[in-house]
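One structure is given below, encoded as structure tokens.
The values are calculated or read from the model by the stated rules, or taken from the named source; none is laboratory data. All values derive from a computational prediction rather than experimental measurement. For neighbour counting, all protein chains shown are included, and Cβ atoms are generated from backbone atoms with ideal geometry for every residue, glycine included. We work out accessible area using only protein heavy atoms, side chains counted, and drop any ligands, DNA or RNA first. Shrake-Rupley method; radii C 1.70, N 1.55, O 1.52, S 1.80 Å.
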Amino acid sequence: MCDKEFMWALKNGDLDEVKDYVAKGEDVNRTLEGGRKPLHYAADCGQLEILEFLLLKGADINAPDKHHITPLLSAVYEGHVSCVKLLLSKGLPSWILPWNEVWSHTAEEATRRTEVSQPTAPDNHQTCKWGCPEPSSLSQSPR
């Protein structure tokens, strides 16, 4: 099976084509040519119906891609609120519970966190307006 054609169907929301691929034996958890799984492509492109179908077929909601990004994070990065809500409704992934603290935000609160502002810093790093820690501080305990 051709990864590029399957990836095109995932990205463009061609549910019938995706269903055909799965019916012919396509593994919904297989890493495709681009180093990502089908769920990542659907989440990244805001394809809600494709996400629902893949999850029904057993796609791993917490599977990281080659960049260690989960489907939920892909949807958040791209601002696909309905996809974020769906993925959150299917269960909180382990990375949402850092340092064993319970994160009790609703889906609506979580989707509001997708907004980012461009900093004036020369490195052009996006900064979360809610004060999320810089990546370099994530390995340190918050206490």
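What the table shows:
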{"item": "Accessible solvent surface per residue of the range 4-51, calculated while the other protein chains remain in place, 1.4 angstrom probe, Å²", "result": "48"}
{"item": "Distance (nanometres) between label positions extended 7 Å along Cα→Cβ at residue 78 and residue 90", "result": "1.4"}
{"item": "Integer Hz, Karplus 6.51/-1.76/1.60 couplings in order for the range 48-54, x for Gly and Pro", "result": "4, 5, 5, 4, 4, 4, 4"}
{"item": "Pairwise centroid distance, computed over Cα atoms, of the range 12-60 with the range 62-76, Å", "result": "14"}
{"item": "Relative contact order [Cα under 8 Å, 6+ residues apart], the range 1-87, whole percent", "result": "27"}
{"item": "Accessible-area composition of the range 1-57, carbon plus sulfur, in percent [1.4 Å probe]", "result": "44"}
